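The values are calculated or read from the model by the stated rules, or taken from the named source; none is laboratory data. Note that the coordinates shown come from a computational prediction; the quantities given were computed from them, not determined experimentally. Every residue, glycine among them, receives a Cβ derived from its backbone with ideal geometry; neighbour counts consider all protein chains shown. Keep in mind that these areas ignore ligands, DNA and RNA; they rest on the heavy atoms of the full protein, side chains included. Shrake-Rupley method; radii C 1.70, N 1.55, O 1.52, S 1.80 Å.
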Amino acid sequence: MRSLWAYAYQIVSPQSLKRLGTVRALLNDESAAARGGARSWGGRLVLGRHATRILIVSDTPGRNHSIDRRLEAEIERLDAAFSVTEPLEVAGYAEGVEWLVTYDGNGR
């Protein structure tokens with residue numbers, strides 16, 4: 001059984017979807033690369049009233065991946081203050097078992 005790990009970036013203050021175009025492209029590109037490489041990885045933008053969050057789920061526990069460095073570089077380029085959590089194992093996940101919740105949104 002393979003574990004999944006989740007972590008999040010929080011950007012304060014909230015950012016517009018237009019301003020986060022490069023971040024969205026990075027998330028989409030990494031998702032496509034993961035599918036092509038038989039890895040589990042997903043990233044979602046959550047635009048809130050008080051902060052913008054980037055939620056990441058991955059099959060590796062660390063944050064020392066090139067996508068993390070690229071995301072952080074882009075957020076810094078936007079001159080936005082941010083924090084990031086440490087990865088936590090997703091409880092109750094078992095490979096091969098369908099998730100009860102799915103998301104087909106566009107990050108809005």
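Odds and ends about this structure:
- Extension gain from S13 to D29, taking 0.36 nm per residue of separation minus the Cα-Cα distance: 3.3 nm
- A 1.4 Å probe run over region 18-77, with the rest of the protein chains in place, finds 57 Å² accessible per residue.
- Amide proton proximity set for S40, modelled H, under 5 Å, gap of 5+: D59
- Kirkwood hydrodynamic radius (C-alpha pairs) into Stokes-Einstein, region 16-91, 25 °C and 0.890 mPa s, D in µm²/s: 186 µm²/s
- Separation of the A81 and H50 label points, Cα + 7 Å toward Cβ, nm: 1.4 nm
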